[in-house]
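The values are calculated or read from the model by the stated rules, or taken from the named source; none is laboratory data. These numbers come from a predicted model, not from an experiment. Positions of Cβ are backbone-derived with ideal geometry, glycine not excepted, and every protein chain shown enters the neighbour counts. Keep in mind that these areas ignore ligands, DNA and RNA; they rest on the heavy atoms of the full protein, side chains included. Shrake-Rupley method; radii C 1.70, N 1.55, O 1.52, S 1.80 Å.
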Amino acid sequence: MSSPDPLVDITHIRVRSKGHHCLYPGASFQGTQKSGRNSYDVNVTIVDVNFSSSFLCGYLRIRGLTDDWPELTTYFDAEIIGNRYGFLTQNWGANEQEDMVHWQRFPAFRHVKSDLKKPHLTMADRDRGAVFMRWKERFLVPDHRVQDINGASFAGFYYVCVDFNPQPSSSALRPAPLENELMDLSTSISQGKSEAVPISPPRRDSSARRGTRGSSVGPRASPPVATMSGFYFHQNSEPYQQLSLCHVPESRSSSFEFR
Amino acid sequence: MNMAVTAIDPTTLKQRKNLVIGNPSAKLALAKDTAFIQSLVGCLSRAPLPQSEAQGSQDDVRIEAAHVISSISYGSDDALRSLLQASALHALLFALSTLKPYDPIALQTALLRALRTMSTAVAEVVGPSQLGLCSYSSDTRDEAKAVLDFLFELENLDVFLPLLDNKNVQLSTFVAQLIGATVRNKSHRSAVAEWLPFTDRIKEVKGKRGWEKPEAANSNAPSRLGGWVVRNLSTLLQYRNNNVQEAALSAIAALAMDNPNVTAALTKLTHDRESPTLLPTVLSLTTSRSTEVQLAACLCATHIIRANASNHPGTVDQAIASNIIHAINRVLSSSSERPPMRIRACYTLYYLVKDDKDICQAAVDHGALEKIASLTKSITPLTKDEERDEDEPESTAALREAALIVIAALSLFDNDIRREIADTLQLIPVIHISLSNRHVGVRYAACQCVRALSRAVAILRTNIMDSGLGSSLFQIFKKEEEDPRVTAAALAAITNMINDFSPLQPKLLAQGLMPRLKQLLDSGNSPTKVNVLWAIKNLLRKSTLETKQEVMTCLKWRQLANFCMDPDTGIQEQATAIFRNLAENDSGVDLIFQEMEKDLLFHALLTGLDSPDEDVKLQAAYFLANLANGQITHQDCIFTYPDILHSMHSCITDAKPEIRHPIMGCIYQMLSCNPKRRDDLNDFGIMATLRHMCDHTGGVSMSPGGRYPSHHIPMDDDKDTVLLARQILELDRVDH
């Protein structure tokens, strides 16, 4: 700062919202959420991404959940698992065992579990071909003042995995892990108290199917389309409500940057 | 008014001095008496003595003249302007340089004290301000800047810096105070930090072998351990006197700020027992009994550790940072501390956390944010009361400004901290009321807080809407008579609030956003233009065709194209990004081709593609990629400009992967829509380059000057680029 320009600023660092693969501002994912026999169309839009702060946020839109709300959109914040946030949630009613049961349903988790560091099961930030996140829905969009929605709730949170190179032959999700798998993993973490997952009336459900591929004519069509998988968790909700989405590639781009 | 003094004698001067002390109106009246000021400055020089006059009498006049200059130089722009016009600082330096050994020490002290006081006043006008925004006057500033530059010329440094090594510690203290208050920019900092006494300068030149630094080659080199000035300032720290220690710490802080050349020497281990590492001494003084010394030590340690880590972001010594934060917290939370001390504590914390998200987090974790929040709430009534606001002490407003600046700095990089400010600490009402404060600095700081909070999408959609903060800020932004620094901070917040995900966007557009932006664009300097174009870029992203048309009706197509070719790369980048966002969909591309003269459009695009600035080039590459996804006729248009194809080739050979990627997408798109374009792509060497790219597993760079050497793929982005090249070649093969 060599001179007191009248426009002198309190910061000299730009906050470029830099994406990673398909996780960039404006990225869109389409698919479904499934619970039991019900399935609902879901669309996720990434609004802002900041990997250096392990942060991401976006909108989750679900259709046909209740009669009163044919379309519901929530804003969510994401904690990106890495050096800052570990796999242990320690919040929103989830204990260690529940965390592990959920994370192990993502095939990509087995590639990282040996790298986890106590006590929060963090891992070094680097490109691992997949990104793990926890999404916490905060409020409804567009009207954030609406609190009560008859027949729906966002009191819980999502375990999410975005796999940039999903194996076409294998399912994006795995069944619940076996007991011995849990025990293997638990050698690196403290033993959590095993609790029965309460069954609640289904809040959101859908049938798992691959989302539709985007109509992009660009060259991004050839690499495998990234998948986004998730499980909704709330102590009083039905377990393993599944979110299964695919990235919708785009042929054009636009950009914004916070000041 | 003219208060011409017929005769200047010690008694008259003493009377004048006593009259102006603590009396701003008398000070101003005296300053306006230009004849008196000229006489006063003239008194500083040694005049040939008439037979009848004793030497002592002339010394007394010179001493009293220096005292009066000290008194009137500080606190009034008008008074300072009079002194500048009378060349008072030059006269002080000349008087000091011509002192004789037999001159009384009182004369030397008075002259040096006046030099310190006047230099400090000059530096306050020149800035940058150390403790909050000061009044901004461009008239005085230009004159003051020239005088300050003169002060730091070598021959003038030779006048006062040697006094740092003087038996009279008061003289050394004045010099240290002068350095602490006036060294505020890089060139002045280097001039002082690297200064050597004349005899040492000779030694340095003689002993220097061209390839090695003298301090590295010789442990007795005059420039060792941070330099002669820093070494002598370090010696002053040994005095058990608070004033001396505070002055020395402030001076070292001023020299250490953003200056790793000095700070590396202050922190590295040394085997020299007589010259131990300075940092532990500085840290020990953060627990001094004197708050002034504590804060000076905190500031000094702050600048040392921040400068040391400046070449490697994220490497600030966290343990030392924690020590500093604890010391600052003590001052902030002590109700017995006076506002000036708390103001200094706030700005020290600001310098510590500025632009370092890890230290911001550490400060929050150690409770600094909570303490600042509590302090701010305690001095900020949440209701407007004009009478009470008029009666509020200036120091309270300055403290509020300082606290809000820290809050803004702490919340610039992390959403959890922003949420804590908005939800847990409930600071939005305090920020809101401060937006309409009568003090410019408070309004500026409040705007910076809104700017930082509006970087969080959740807060944009909730707290800022509910509280009316966004609307209040917009009213400030629209005020044409507002201080330009406040307008700039408000514009930064507005830039965040007009993104597509902000519910405020349509409201602000309807309330006259674009005309105000255009007004600033047409009347502003380069930084203002960059900021306005940045806002328009955000506004246009994911906008409707109607919004695009409305914005461009106001901005004008030709003007936007000219901005793409502006000499300022910041303007170029934002203008090109606006074109990119305009071309984000089919209707946007059609609009561009419909409204823009082709030659001008492609000239603007070409300027971006050929720019040596990577940020500009990146936006141009994405703009081109967006155009290439338009109608076939638009694509054909691109092929009528061979220079564009040539630049595309340069980009895929020499640019970084982020730039190559959109260019390759563009090639794919154009070839897939019309295989006959292969010939043109061949002619410009593009297909050959792509083949070369794929032939070498990782080899991407073909040109001899390419930035990325062959046989090396450092990033996944590079792999993606090679994959794209294969897809393009595959397309070509199938079409054959």
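Quick check on my filter: what residues within segment B:438-483 are touching a Gly at 6+ places or on another chain (Cβ under 7 Å) and of a type in the set (S, T, N, Q)? Can you show your working first?
First, pick out the residues of segment B:438-483 that are touching a Gly at 6+ places or on another chain (Cβ under 7 Å): B:441, B:464, B:478.
Across segment B:438-483, there are no qualifying residues.
For (1) crowded, with 20+ Cβ neighbours inside 10 Å; (2) within 23 Å of the chain's Cα centre (by Cα), each residue gets a yes or a no:
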{"site": "B:Arg438", "(1), (2)": "no, no"}
{"site": "B:Tyr444", "(1), (2)": "yes, yes"}
{"site": "B:Cys449", "(1), (2)": "yes, yes"}
{"site": "B:Leu460", "(1), (2)": "yes, no"}
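Quick check: is even one residue across segment B:607-614 open to solvent by less than 30 Å² (accessible area, probe 1.4 Å), part of a helix (DSSP H, G or I) and closer than 23 Å to B:Arg558 by Cα?
The answer is yes, given that some residue of segment B:607-614 is open to solvent by less than 30 Å² (accessible area, probe 1.4 Å), part of a helix (DSSP H, G or I) and closer than 23 Å to B:Arg558 by Cα.
Would you pick out the residues in segment A:232-251 that are in a loop (DSSP other than H, G, I, E, B) and either more than 7 Å from chain B (Cβ to nearest Cβ) or at pLDDT 95 or above (or both)?
Step one: filter segment A:232-251 for residues in a loop (DSSP other than H, G, I, E, B), giving A:234-240, A:249-251.
Selection gives A:His234, A:Gln235, A:Asn236, A:Ser237, A:Glu238, A:Pro239, A:Tyr240, A:Pro249, A:Glu250.
B:Leu163 passes all but one of (1) out of contact with any Leu (no Cβ under 6 Å at 6 or more places or on another chain); (2) open to solvent by less than 40 Å² (accessible area, probe 1.4 Å); which number fails?
Only one criterion is unmet by B:Leu163, namely (1).
How many residues does segment B:621-640 contain that are under 17 Å from A:Ser253 (Cα atoms) and not polar (S, T, N, Q)?
So the count comes out to 8.
Where in segment A:1-110 are there strands (runs of 3 or more DSSP E), lying wholly inside it, with at least 3 residues that are within 14 Å of chain B (Cβ to nearest Cβ)? Explain how you work it out, then say what you get.
Working: elements: A:28-35, A:38-50, A:55-63, A:71-80.
Fully inside segment A:1-110 and qualifying: A:38-50, A:55-63, A:71-80.
Which residue, of B:Leu540, B:Leu555, B:Leu491, B:Leu545, is open to solvent by less than 30 Å² (accessible area, probe 1.4 Å) and more than 10 Å from chain A (Cβ to nearest Cβ)? Write out each step before concluding.
Numbers: B:Leu540 fails: more than 10 Å from chain A (Cβ to nearest Cβ); B:Leu491 fails: more than 10 Å from chain A (Cβ to nearest Cβ); B:Leu545 fails: open to solvent by less than 30 Å² (accessible area, probe 1.4 Å).
One residue alone meets the criteria, B:Leu555.
Count, please, the residues in segment B:233-263 that happen to be assigned to a helix (DSSP H, G or I) and within 12 Å of B:Leu278 (Cβ to Cβ).
Step one: filter segment B:233-263 for residues assigned to a helix (DSSP H, G or I), giving B:233-236, B:242-256, B:260-263.
This time we only want the ones that are within 12 Å of B:Leu278 (Cβ to Cβ), so: B:233-236, B:248-249, B:252-253, B:255-256, B:262-263.
The qualifying residues number 12.
Looking at (1) touching a His at 6+ places or on another chain (Cβ under 7 Å); (2) at pLDDT 90 or above, which is the only condition B:Asp654 fails?
(1)
What about A:Ile81, is it farther than 25 Å from A:Phe256 by Cβ, of a type in the set (A, V, I, L, M) and open to solvent by less than 20 Å² (accessible area, probe 1.4 Å)? Spell out how you get there, then give the answer.
Values: farther than 25 Å from A:Phe256 by Cβ: yes; of a type in the set (A, V, I, L, M): yes; open to solvent by less than 20 Å² (accessible area, probe 1.4 Å): yes.
Against the criterion (farther than 25 Å from A:Phe256 by Cβ, of a type in the set (A, V, I, L, M) and open to solvent by less than 20 Å² (accessible area, probe 1.4 Å)), A:Ile81 qualifies.
Within segment B:63-108, count every residue that is over 25 Å from B:Asp33 (Cα atoms), surrounded by fewer than 18 Cβ atoms within 10 Å (Cβ to Cβ) and not charged (D, E, K, R).
The qualifying residues number 8.
Looking at segment B:623-672, which of the residues that are within 14 Å of chain A (Cβ to nearest Cβ) and part of a loop (DSSP other than H, G, I, E, B) is surrounded by the fewest Cβ atoms within 10 Å (Cβ to Cβ)?
We begin by selecting, within segment B:623-672, every residue within 14 Å of chain A (Cβ to nearest Cβ); these are B:623-632, B:634-635, B:652, B:656-672.
This time we only want the ones that are part of a loop (DSSP other than H, G, I, E, B), so: B:629-631, B:656.
Numbers: B:Asn629: 26, B:Gly630: 22, B:Gln631: 13, B:Lys656: 16.
The extreme case among them is B:Gln631.
Any residue in segment B:554-565 that is under 14 Å from B:Leu605 (Cα atoms) sitting within a Cβ distance under 7 Å of a residue that is among the acidic types (Asp, Glu) and surrounded by fewer than 21 Cβ atoms within 10 Å (Cβ to Cβ)? List the pairs, counting only those 6 or more apart or interchain.
B:Trp557/B:Glu595
Would you say B:Arg388 is without any contact (Cβ under 8 Å) to a residue 60 or more places away in the chain, over 24 Å from the mean Cα position of the chain (by Cα) and within 11 Å of chain A (Cβ to nearest Cβ)? Steps first, please.
Details: without any contact (Cβ under 8 Å) to a residue 60 or more places away in the chain: yes; over 24 Å from the mean Cα position of the chain (by Cα): yes; within 11 Å of chain A (Cβ to nearest Cβ): no.
Answer is no for this residue.
Being within 10 Å of chain A (Cβ to nearest Cβ) and closer than 27 Å to A:Cys57 by Cβ is the filter here; which residues of segment B:498-537 pass it? Don't jump to the end; show me each part of the working.
Here is the first cut: in segment B:498-537, the ones within 10 Å of chain A (Cβ to nearest Cβ) are B:498-501, B:503, B:524-528, B:530-531, B:534-535, B:537.
Correct list: B:Ile498, B:Asn499, B:Asp500, B:Phe501, B:Pro503, B:Val530, B:Asn531, B:Trp534, B:Ala535, B:Lys537.
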